[in-house]
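The values are calculated or read from the model by the stated rules, or taken from the named source; none is laboratory data. The structure displayed is predicted, hence computed values, not measured ones. Note that we place each Cβ from the backbone using ideal geometry, even for glycine, and neighbour counts take in every protein chain shown. Surface areas here come from the heavy atoms of the whole protein model, side chains and all, with no ligands, DNA or RNA. Shrake-Rupley method; radii C 1.70, N 1.55, O 1.52, S 1.80 Å.
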Amino acid sequence: MTNMHRALALLAAALCLLVAACGGGGGSSGGSGGGSGSSSSSSAALTLTIHYKRLDNDYSGWGLHLWNDTTGTAAIASGTVTTWTSPRAFDSVTGGWATAIIPLSNSNAHLNFLIHKGDAKSPMLDLRVNHATFGSDVWVVQETGTLYATQAAADTAAAKVGRQAESLDMAAVPVGTTTSALPAGWSQRGQFMEIFVRSYKDSDGDGRGDLKGLTSKLDYLQSLGVTGLWLMPVFESQDNDHGYAVADYRAIERDYGTMADFDELVTQAHARGIGIVLDYVMNHSAAQNPLFLDAVSSPTNSRRDWYVFNATDPNWSTWGGNPWRPTAYGYNYGLFADIMPDFNLKNPAVVAWHMDNLRFWLNRGVDGFRFDAVETFVENGSANWYNQPETHAVLIQARNTINSYANRYMVCEAPDHPGDYAGASCGHVFAFGRQSDIRTTATSGAMTAGLAAHFASPQRSVLPLFLSNHDSFAGSRPIVELSGHAEGDYRIAAAIAILGSDTPFAYYGEEIGMGSNGESGDASLRAPMSWTNTVAGFTSGTPYRTVASNLASYNAAAQTGVSVSLLETYRGLYAVRTANPLLQSGTLTLLSAAGDPRVVFLRRQAAQTAVVLINLSTTSQTMTADTGLSVTTFATIYPTTGATVTSNASGRITMTIPAQGVAIVRTP
Ligand SMILES: [Ca+2]
Ligand SMILES: [Ca+2]
């Protein structure tokens with residue numbers, strides 16, 4: 001259930017951009033007559049000549065899908081538009097090139113086209129050309145998404161088919177500097193913020209967030225109490241959005257800036273005691289990753305077994321249907337989308353290369369990794385493509401790689417089996433499912449059985465809690481989930497997640513109650529950060545995505561210094577953790593039970609004990625906690641300092657907590 005939503009969202013976003021079926025309208029195959037001239041542009045008839053190169057020189061079955069933009073002037077007449085099942089055939093094959101002369105109805109309009117054989121596309125991209133600006137001839141080479149204006153340039157590209165990965169840095173990466181720039185123990189008690197760089201802060205007015213923008217907000221994050229950032233993927237990607245389709249694992253996404261910008265971010269973060277944890281996608285790459293372009297180019301390519309192919313269609317049924325995608329040579333396994341082919345993680349060379357990539361970033365001072373979709377790593381069959389035992393060996397290699405550096409952090413996304421991956425293989429795994437428990441606990445006024453079980457679990461300390469993240473399968477923004485309830489519910493939920501975790505995670509904007517932007521699916525969760533009450537807080541230009549609908553009333557500027565605000569609540573909770581390490585890494589003993597209108601727990605470290613009391617009800621409650629420490633005076637450390645309470649001879653303290661209030665007391 002969980003990842004299905006994610007897969008569908010990715011499909012919706014990716015397919016419409018990149019799959020032919022979204023573009024082509026009706027109409028019949030053009031099928032114009034012969035003609036063998038290699039250049040056109042005559043005054044008699046306006047045409048575009050498309051030249052296509054396959055290295056196997058086998059053009060049987062290959063044809064063109066042609067369509068116009070959905071708005072604006074049409075480039076081709078309706079009779080020239082094709083349907084997916086009736087491609088326009090090439091006119092001739094000459095000198096190793098297939099050629100088609102397409103009659104145009106307008107020179108200055110974009111023609112969309114795609115070269116395919118049945119459902120197999122090569123290159124695997126929609127292509128788009130404007131006759132007036134590009135010229136009358138366009139050359140296309142298999143597995144090369146570039147349009148070439150001359151045959152010479154195309155011949156050069158054709159010579160690189162099957163060895164495009166030579167453009168990548170594939171060098172082995174030895175262990176470099178292993179010391180940490182952060183305080184000892186940082187990785188056991190980080191207070192993390194998940195950040196989508198594209199939506200955080202734009203520094204150059206292009207409407208997209210970038211690394212310089214994020215660096216400019218480090219003071220805000222430090223002031224908030226954040227000590228760790230989980231950055232959603234920052235590597236060069238094909239999706240132009242979330243970054244989970246990685247085109248180059250050792251390059252910074254060009255929209256985000258340069259490697260120098262990244263190094264400066266790491267330096268500036270470390271100077272503020274903030275660690276940088278990168279999202280790492282090991283299950284799949286982008287289809288435009290040169291490694292995949294090589295693998296798909298020929299059944300005998302040396303990268304072929306870096307991905308997962310089968311000569312015939314195994315036709316499995318997974319989240320979004322059949323994950324086996326037709327290619328020019330056999331079927332390719334891409335669980336999430338056709339732009340995201342799965343790596344073959346049974347191939348030790350692939351895993352070794354991923355470890356080199358991890359060291360590449362660790363050597364630059366990165367403080368750890370968040371691993372995406374680990375349950376999908378290995379596939380063994382139609383009923384065994386998820387949560388397979390071989391996955392753990394891969395993750396243990398990653399963990400050992402990371403642990404050869406000091407003070408690093410590793411956390412995994414394993415939504416359906418977090419407990420299976422915590423400890424032995426991942427180290428830490430997000431406590432998926434508990435975000436719903438926390439919300440229900442807050443809104444119902446009674447602790448859920450799931451939350452009680454979590455606090456009683458021996459794995460609690462390695463299962464970080466979160467209220468929200470970037471995926472809609474985890475729920476909407478909390479302000480939406482808790483809609484109709486007072487902010488008191490929000491504050492309770494935040495207190496449970498932050499005080500009940502050793503390494504709590506928040507999602508950018510959560511600390512200010514940022515809302516949905518009214519878009520659908522994941523995009524609704526990924527709005528530009530609400531810095532001020534106008535879009536100017538995010539960008540001086542036009543934001544690439546709609547801002548949150550509650551921007552005017554919920555933004556960082558409006559809440560800063562306002563004691564009752566959500567922002568100051570988060571700041572206060574982080575501050576009390578920071579000042580009291582036992583709230584970060586002490587043991588946790590739950591004293592209340594499922595169904596109780598309160599959450600009460602002890603945290604202990606060495607000789608110190610703290611008691612956390614959360615009143616879930618909307619009336620004042622007199623609450624007790626059995627500390628095991630008879631006649632000991634406890635000092636209040638949250639929400640204010642000063643008041644004391646003393647346990648009786650049997651170790652019980654009694655406190656009156658206001659409606660939806662949170663109190664923390666501690667031994668001296
Ligand atoms: Ca920018
Ligand atoms: Ca996989």
Within the stretch 213-233, identify whether any single residue is in a loop (DSSP other than H, G, I, E, B), under 27 Å from Gln288 (Cα atoms) and open to solvent by 10 Å² or more (accessible area, probe 1.4 Å), and answer yes or no.
-> no
What number of residues in the stretch 313-332 are at pLDDT below 95 and either open to solvent by 60 Å² or more (accessible area, probe 1.4 Å) or within 15 Å of ligand 2 (Cβ to nearest atom) (or both)?
-> 2
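Identify, from the list Phe192, Phe196, the residue that is out of contact with any helix residue (DSSP H, G or I) (no Cβ under 6 Å at 6 or more places or on another chain), within 16 Å of ligand 1 (Cβ to nearest atom) and either open to solvent by less than 20 Å² (accessible area, probe 1.4 Å) or farther than 30 Å from Val429 by Cβ (or both).
Matching residue, one of Phe192, Phe196: Phe196.
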Test each condition in (1) surrounded by fewer than 17 Cβ atoms within 10 Å (Cβ to Cβ); (2) closer than 30 Å to Asp502 by Cβ; (3) not hydroxyl-bearing (Ser, Thr, Tyr) for Arg163 and report the one that comes out false.
-> (2)
Which members of the stretch 301-355 meet the condition of being closer than 22 Å to Gly118 by Cβ and either of a type in the set (Val, Ile, Thr) or within 16 Å of ligand 1 (Cβ to nearest atom) (or both)?
-> Val308, Thr312, Thr318, Thr327, Ile339
Report yes if Tyr256 is of a type in the set (Ser, Thr, Tyr), away from ligand 1 (no atom under 16 Å from the Cβ) and surrounded by 20 or more Cβ atoms within 10 Å (Cβ to Cβ), otherwise no.
-> no
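Suppose the filter is closer than 30 Å to Val576 by Cβ, charged (D, E, K, R) and away from ligand 1 (no atom under 16 Å from the Cβ); does Arg272 pass it? Write out each step before concluding.
Details: closer than 30 Å to Val576 by Cβ: yes; charged (D, E, K, R): yes; away from ligand 1 (no atom under 16 Å from the Cβ): yes.
Criteria met by Arg272.
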Tell me which of these Asn310 doesn't satisfy, since it passes every other one: (1) open to solvent by 40 Å² or more (accessible area, probe 1.4 Å); (2) under 22 Å from Leu231 (Cα atoms); (3) touching a strand residue (DSSP E or B) at 6+ places or on another chain (Cβ under 9 Å).
-> (2)
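Filtering the stretch 259-273 down to residues that are open to solvent by less than 10 Å² (accessible area, probe 1.4 Å) and either within 16 Å of ligand 2 (Cβ to nearest atom) or free of Cβ contacts under 8 Å to residues at least 60 places away in the same chain (or both), which residue is nearest to Ala172 (Cα to Cα)?
Step one: list which residues in the stretch 259-273 are open to solvent by less than 10 Å² (accessible area, probe 1.4 Å), which gives 262, 265-266, 269.
Filter once more, keeping what is either within 16 Å of ligand 2 (Cβ to nearest atom) or free of Cβ contacts under 8 Å to residues at least 60 places away in the same chain (or both): 265, 269.
Details: Leu265: 25, Ala269: 28 Å.
Ranking the candidates gives Leu265 first.
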Out of all the residues in the stretch 566-591, which are crowded, with 20+ Cβ neighbours inside 10 Å and among the polar types (S, T, N, Q)?
-> Thr569, Gln584
Quick one: would you say Thr80 is assigned by TED's automatic domain parsing to the domain that holds Val140, closer than 12 Å to Ala109 by Cβ and either of a type in the set (Val, Ile, Thr) or open to solvent by less than 40 Å² (accessible area, probe 1.4 Å) (or both)?
-> no
With the first residue restricted to the stretch 609-622 and required to be more than 15 Å from Ala486 (Cβ to Cβ), and the second required to be polar (S, T, N, Q), Cβ contacts under 7 Å at 6 or more apart or on different chains are Thr609/Thr627; Thr609/Thr667; Ala610/Asn580; Val611/Thr627; Ser620/Thr656; Gln621/Asn615; Thr622/Thr654; Thr622/Thr656
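Can we say Phe292 is under 23 Å from Asn347 (Cα atoms), over 17 Å from the mean Cα position of the chain (by Cα), in a helix (DSSP H, G or I) and not β-branched (Val, Ile, Thr)? Reasoning before the result, please.
On the way: under 23 Å from Asn347 (Cα atoms): yes; over 17 Å from the mean Cα position of the chain (by Cα): yes; in a helix (DSSP H, G or I): yes; not β-branched (Val, Ile, Thr): yes.
The answer is yes for Phe292.
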Name the residues in the stretch 124-151 that are out of contact with any Leu (no Cβ under 7 Å at 6 or more places or on another chain), in a loop (DSSP other than H, G, I, E, B) and free of Cβ contacts under 8 Å to residues at least 40 places away in the same chain, would you?
-> Thr146, Ala149, Thr150
Residue pairs meeting the criteria (Cβ under 8 Å; at least 6 apart or on separate chains; first over 15 Å from Ala398 (Cβ atoms), in the stretch 341-352; second open to solvent by 30 Å² or more (accessible area, probe 1.4 Å) and more than 10 Å from ligand 2 (Cβ to nearest atom)) = Pro341/Arg325; Asn344/Asp305; Lys346/Glu390; Asn347/Asp305
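Per-residue answers, yes or no, for (1) in a helix (DSSP H, G or I); (2) within 11 Å of ligand 2 (Cβ to nearest atom); (3) acidic (Asp, Glu); (4) more than 28 Å from Leu465 (Cα to Cα):
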| site | (1), (2), (3), (4) |
| --- | --- |
| Phe369 | no, no, no, no |
| His392 | yes, no, no, no |
| Ile396 | yes, no, no, no |
| Val411 | no, no, no, no |
| Asp416 | no, no, yes, no |
| Asp420 | yes, no, yes, no |
Could you tell me whether the stretch 344-353 includes any residue that is in a strand (DSSP E or B), touching a strand residue (DSSP E or B) at 6+ places or on another chain (Cβ under 7 Å) and either within 13 Å of ligand 2 (Cβ to nearest atom) or closer than 30 Å to Leu265 by Cα (or both)?
-> no
